[in-house]
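Working notes for the structure below.
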Amino acid sequence: MIDYEAIVIGAGNGGLAAAAALARGGARVLVLERHNIPGGCATSFCRGRFEFEVSLHQLSGLGRPEFPGPLRGLLQNLGVLSKLEFVEMENLFRFIVPDKVDLTLPANRAGIIRVLLERFPDEKGGIERFFDLVYRFFQEVISAFYLRDPEVTPEKYPLYFQYAFRDSQSVIDEYFRDPYLKLTVAGYWGYMGLPPRLLAFSDLAALLFAYIEFKPWHLKGGSQALSNAMAAAVLDAGGEIRFSCGAERIVTRDGAVQAVVTDRGEEITTRYVVSNASAVATFAGLLDDGEKRKEALKEVRGAVVGTSFLTLYTGLRCPPGDVSITETTNFICTSTDMDRDFALCRTLDVSEPPLIISCYDVSDPDFSPEGTCQAAIVTMKYAEPWLRVPPEEYAAEKYRSAETILRRIEPHFPGFTANIEEMEVATPITHMRYLGHPGGSPYGFEQHVKDSTLFRNPKPPVKGLYGTGAWYGMPGYQPTLTSGAAAARAILREMSRKENAR
Amino acid sequence: MRPDILTKIEGYDRVVRERETCRKYGTDFSVERGAVEEYVRRLHPDRMHLKVAEIIEETPSAKTFRLVSPNGPLPPFQAGQYVCVYCDIGSVRTGRPYSLSSPPGHRGYYDITVKAVEDGFVSDHLLNDIRRGDILETSGPEGHFHFNPILHDRALVLLAGGSGVTPFMSMIRESLESGLERTFWLFHGDREPGEAMFREELERLAARFTNLRYIPVIENPSPGYGGACGYITADLIRREIGDAAGKTFFICGPGEMYRFCIPEILSLEVPAGKIRREVFGPPKSISRSPGWPVEVREDDRFIVSVKGGKSIPAKAGEPLLVALERGGIVIPSLCRSGECSQCRLKLLAGRVYQPEGTPVRRSDRQHGYIHSCAAYPLEDLEILL
Ligand SMILES: Cc1cc2nc3c(=O)[nH]c(=O)nc-3n(C[C@H](O)[C@H](O)[C@H](O)COP(=O)(O)OP(=O)(O)OC[C@H]3O[C@@H](n4cnc5c(N)ncnc54)[C@H](O)[C@@H]3O)c2cc1C
Ligand SMILES: Cc1cc2nc3c(=O)[nH]c(=O)nc-3n(C[C@H](O)[C@H](O)[C@H](O)COP(=O)(O)OP(=O)(O)OC[C@H]3O[C@@H](n4cnc5c(N)ncnc54)[C@H](O)[C@@H]3O)c2cc1C
Ligand code: FES
């Protein structure tokens with residue numbers, strides 16, 4: 001008899017969603033997680049009286065109960081929706097370019113247009129037409145793909161066929177003149193890790209549409225609450241989870257999954273493996289079959305390992321208002337050259353590239369202990385420059401980065417630095433350590449259209465081996481959770497097909 | 001996506017060409033095998049096997065173990081951090097954290113300085129059984145009790161109790177060796193004058209460097225002892241440091257010391273945020289902690305059953321982690337002070353006492369997770385590992 005019908009490697013969003021869906025679908029499932037806590041990126045850590053949120057800034061795709069987005073249904077199916085308390089954010093973000101722009105975009109279409117018009121009155125036509133394009137484009141996506149129209153043709157869906165492969169920059173250039181307006185509208189590019197020149201218009205449109213229609217959200221208890229709820233759903237449905245236990249090898253025979261060997265040397269038999277470890281670790285490190293390894297790695301050969309982050313986690317001994325923080329999500333940009341900003345992600349420099357400052361306590365006053373607040377300040381960074389820092393200078397380099405970042409935000413949030421009680425700096429190396437991903441990339445590969453699932457061979461190279469998470473699709477909470485549920489569905493379908501064939 | 005749709009999207013040919021070109025000149029990811037782990041190990045090894053190169057007798061009751069790595073430079077650390085030393089004693093596998101007392105500039109060796117304690121277990125083993133040439137298994141350097149140039153003043157008031165002086169030795173040695181711009185006042189409380197470790201070195205350094213003031217404070221002095229006596233009080237601190245403004249306080253020692261010294265420091269009008277405290281292991285007597293239920297006595301005994309595993313006996317007065325280790329169940333541990341969550345496990349049934357302020361994540365609390373090194377059984381328990 002086999003030990004488990006399915007083994008899930010890694011308890012990130014994708015792994016946990018897959019495990020919960022498998023267990024609830026009746027499969028005997030085991031999760032192996034290297035770390036002592038579930039979540040991967042979706043976790044928190046404690047310093048002094050603060051519990052720092054690691055990664056969740058804005059949850060997308062949830063929607064209100066009366067106007068649910070796709071994520072709401074997904075969480076319902078995973079059995080965790082009722083266990084979670086969500087906090088809606090009123091605004092998308094406050095956008096600051098020192099001395100040039102300071103505006104806050106509300107999370108509704110009319111409001112955004114109103115705010116943009118106030119600052120950029122000369123661009124009225126472009127602003128209205130742009131959001132019209134975003135909406136009409138996305139409505140076509142919904143009818144064609146979400147509602148599964150059997151007949152998807154250029155005649156029926158002209159915008160889709162025209163814009164799906166366009167880059168965001170050329171579209172923005174077509175609609176706007178003022179570089180600051182372009183910068184503001186493309187403000188979310190950091191959430192995809194690519195500047196507008198390289199970012200598909202469909203991805204930028206999806207981000208804008210999802211956050212406007214379904215609002216940005218946060219969670220009471222942070223992302224750890226979600227991870228713990230999914231872990232509980234796995235256990236409640238009879239699944240098992242082993243923490244502090246990594247997978248070391250995926251054993252195959254004749255091109256099919258046979259077992260997983262743990263880092264304690266135990267071999268556990270199974271027919272299905274869902275890997276939430278990176279595609280690189282899974283195929284280059286875990287997979288034992290040399291031929292299949294080559295085949296799988298050929299698929300991703302042209303891809304580039306995506307960006308990681310430098311995050312400054314700060315716990316302040318005062319409420320947000322005392323240091324003039326008025327919005328949950330804030331972006332600070334210094335230049336209008338987004339390509340240059342992107343190039344800076346490959347350096348250690350933090351004196352210029354965009355910063356994201358999230359202060360959860362603005363929308364959820366009891367996120368941190370009474371009378372305090374926490375803010376996470378994030379900037380994109382690839383691992384390479386950090387890998388070149390000599391180990392003995394690593395800590396000093398962290399402090400140097402933190403100091404520069406604090407100097408940049410101080411003018412906008414006066415008193416910020418003096419009020420810091422606890423702080424921690426996470427670098428791409430930190431992400432490598434806690435996730436085990438190459439480049440410490442929580443985003444997987446760079447999100448170019450050519451590497452998207454549209455062009456990938458959907459068939460797993462090894463029978464029974466499925467991937468889930470950012471490395472196998474798109475980054476972010478909603479996409480990774482969706483990918484986990486999809487992997488589980490495919491396995492359950494396969495299992496019942498085999499069952500019926502007997 | 002269905003090819004008939006894909007091929008009709010404007011720009012399809014361009015994307016396909018791009019894909020082909022990138023594949024042609026792309027990366028062979030097979031060479032990445034193990035690369036992340038190898039790099040991370042250099043900074044944050046999970047486990048190290050270090051050789052005891054030298055044993056230095058510091059006082060009759062304390063020894064320094066100089067540890068070297070057989071495989072190249074040791075991971076850097078920040079002065080004030082600790083390593084956990086893991087060992088097998090009889091049939092028990094356990095570990096204890098020890099602050100590194102050597103300065104961080106040297107990547108050739110780590111020093112830990114171990115002091116005997118009453119009814120010691122690991123300390124006895126280290127002090128009595130370990131010889132030069134033996135191998136010690138340790139964690140990588142860990143902990144948050146270190147200087148932060150952004151948050152802390154350059155003027156530092158250090159309060160040590162007993163072996164709590166070890167992290168400060170690392171900080172002081174680092175600063176004086178590399179000429180960092182820092183000023184220290186070190187108050188070192190100990191029972192007898194002969195027990196104060198590093199006394200000679202500290203007196204020598206204090207005589208030579210104007211930015212170090214060393215104030216040993218002896219609890220039970222012999223008649224005629226000339227130095228400071230009793231406890232480290234607000235009065236004594238004020239006399240030595242003058243104005244407390246613009247100074248950051250670091251405190252490291254046994255739990256009782258924190259209870260006494262922190263109110264003393266606060267009475268000098270030092271803001272709470274300017275006092276950094278090192279974590280400390282289980283107190284001598286947990287039942288004297290605030291919130292301990294009166295009806296439970298420390299030697300009350302309970303049964304802990306591990307779901308899908310065995311049942312073991314446990315004492316109310318001892319951390320659950322220790323009971324598990326005594327019962328032959330090994331679970332990961334590092335700080336053994338409630339801080340790092342390595343020893344996290346799920347409580348399925350029964351109640352435990354968790355000292356106030358133990359940093360357990362909010363949603364962990366809601367889902368019944370506890371840090372077993374800082375959880376004391378109050379009745380029979382069922383747990384999930
Ligand atoms: C700073 C930051 C901010 C972010 N902000 C947002 C945001 O606002 N909104 C949003 O939607 N997304 C955000 N993201 C992105 C999002 O968090 C990630 O894309 C997503 O969580 C990735 O999930 P995943 O399923 O790919 O798994 P990961 O989180 O990458 O987890 C992988 C898991 O696998 C485990 N593992 C790896 N190898 C092994 C092995 N061999 N054996 C056992 N276990 C193994 C790891 O320990 C880890 O737990 C952010 C990310 C970061 C870092
Ligand atoms: C961050 C940190 C840094 C520290 N740095 C230093 C340092 O630099 N120098 C230093 O000297 N100390 C240091 N300590 C203290 C050190 O970790 C130990 O607590 C100390 O050495 C005493 O350990 P012990 O095992 O001898 O005594 P205890 O931990 O007091 O040992 C008794 C414990 O062992 C249990 N026990 C007894 N017999 C058994 C058995 N048969 N099986 C299982 N358990 C048993 C007892 O129930 C009791 O819980 C530090 C502590 C912390 C938290
Ligand atoms: S070992 Fe660190 S919390 Fe228990």
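Laid out as a table, the results:
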read-out	value
Within-11-Å neighbourhood charge of A:Glu421 [Cβ basis; K, R +1; D, E -1]	+4
Tensor-based shape of the stretch B:40-114 (alpha-carbon gyration tensor, a/c under 1.5 rounded, otherwise prolate or oblate)	oblate
Loop-located GluC sites (Glu not before Pro) in the stretch B:100-150 whose Cβ has at most 14 other Cβ within 10 Å (DSSP)	B:Glu118
Solvent-accessible area of A:Leu435 with every protein chain in place, 1.4 Å probe, in Å² to the nearest 10	30
Sparse-neighbourhood loop sites, GluC sites (Glu not before Pro) in the stretch A:176-267 - DSSP loop, at most 14 other Cβ within 10 angstrom	A:Glu266
Total formal charge among the other residues, if their Cβ is under 11 angstrom from that of A:Glu213, Lys/Arg +1 and Asp/Glu -1	+3
Cα centroid separation, the stretch A:293-361 to the stretch A:446-502 (Å)	28
Only Lys, Arg (+1) and Asp, Glu (-1) charged, at Cβ; the stretch B:112-235 dipole about Cα centre in debye	500
Trypsin sites (Lys or Arg not before Pro) lying in DSSP loop within the stretch A:421-457, provided at most 16 other Cβ fall within 10 Å	A:Arg456
Extreme residue, positive dipole direction of chain A, given options A:Tyr175, A:Met1, A:Phe342 (C-beta unit charges)	A:Met1
Neighbour net charge for B:Gly161 - beta-carbon separation under 9 angstrom, K R +1, D E -1	-2
Candidates B:Val36, B:Val16, B:Val114: whichever shows maximal mean-square fluctuation once chain B is modelled as a Gaussian network with Cα springs under 10 Å	B:Val16
Ellipticity estimate at 222 nm from DSSP helix runs (n ≥ 4, -39,500 (n - 2.57)) divided over chain B, nearest 500	-6500 deg cm²/dmol
Dipole magnitude of chain A, debye to nearest 20 (Cβ charges: Lys/Arg +1, Asp/Glu -1, about Cα centre)	1380
Gaussian network model of chain B, Cα within-10 Å springs - most flexible of B:Val294, B:Val122, B:Val40	B:Val294
Top of B:Lys307, B:Lys24, B:Lys346 by mean-square fluctuation, Gaussian network on chain B, Cα under 10 Å	B:Lys24
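The values are calculated or read from the model by the stated rules, or taken from the named source; none is laboratory data. Worth saying up front: this structure is predicted, and the values here are computed from it rather than measured. Cβ atoms come from the backbone with ideal geometry, glycine included; neighbour counts cover every protein chain shown. Each accessible area value is taken on the protein alone, full model and side chains, heavy atoms only, with ligands, DNA and RNA left out. Shrake-Rupley method; radii C 1.70, N 1.55, O 1.52, S 1.80 Å.
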